[in-house]
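Inspection log for the structure reproduced underneath, given as structure tokens.
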Amino acid sequence: MKNKWVIHKVCILAILFIIAGCSSSSDDSGSGGGNGGGNGGGNNVSVQVQQVKALMLQGTWRVAFYFDTDHEETNNYTTFGFSFTSQGTVAATDGIDTHNGTYLVSNNSNNDGVNFNLSFDSPPAYEELSDDWHVESYTESRIELTNDGTDELIFEKI
């Protein structure tokens, strides 16, 4: 009888360790987002893609920082709020003017990072934002994008 009780205790402890191991996370960002960049692969990147897609649908965003090649251009966008839809469209408006575009969040070609493709046909200042961005990091209120190692675009939730 005593052996059954010991075996029962060992089984319960093993189950508790398995459950604790499955529920732990190395993401210490506190946002469910993590780095979003290229240090995962396969399913992890697919999860990050879904997280970024869901994140962009939550509220209105503003350009907190935009650096194009050799100079900062944030001031061109500070009065505009960006709203993203589940249909892949984005509208940037300041209450008077609205600039419509499209976006797509997807795995990159190596399946080891998240791409954020943004496209505006006009005006020229918004055409500059059009690019195949790489998601460097994201939280519930901020997403940091880079491309070609020289450009940086940061959106923050309003």
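General observations
- Evaluating GLY113 against the criteria (1) modelled with pLDDT of 95 or more; (2) under 17 Å from the mean Cα position of the chain (by Cα); (3) crowded, with 17+ Cβ neighbours inside 10 Å leaves one unmet condition, (1).
- Selection within segment 118-140: residues that are assigned to a helix (DSSP H, G or I) and open to solvent by less than 50 Å² (accessible area, probe 1.4 Å). The member of this set that is farthest from PHE155 (Cα to Cα) is ALA125.
- Top-ranked residue of segment 141-158 - restricted to ones that are of a type in the set (Ser, Thr, Tyr) and more than 15 Å from ARG62 (Cβ to Cβ), ranked as least open to solvent (accessible area, probe 1.4 Å): THR146
- Set side by side, the residues TRP5, TRP61 differ, and just one is modelled with pLDDT under 90 and of a type in the set (Phe, Trp, Tyr), which is TRP5.
- Filtered residues of segment 48-88 (kept if part of a helix (DSSP H, G or I), surrounded by 14 or more Cβ atoms within 10 Å (Cβ to Cβ), free of Cβ contacts under 8 Å to residues at least 60 places away in the same chain and under 15 Å from the mean Cα position of the chain (by Cα)): LYS53
- Test: residue in segment 96-104 that is within 15 Å of the chain's Cα centre (by Cα) and surrounded by 16 or more Cβ atoms within 10 Å (Cβ to Cβ): yes
The values are calculated or read from the model by the stated rules, or taken from the named source; none is laboratory data. As the structure is a computational prediction, the values presented were derived from the model and not from experiment. Positions of Cβ are generated from backbone atoms using ideal geometry, with glycine treated the same way; all protein chains shown enter the neighbour counts. Side chains included, ligands, DNA and RNA excluded: accessible areas come from the protein's heavy atoms. Shrake-Rupley method; radii C 1.70, N 1.55, O 1.52, S 1.80 Å.
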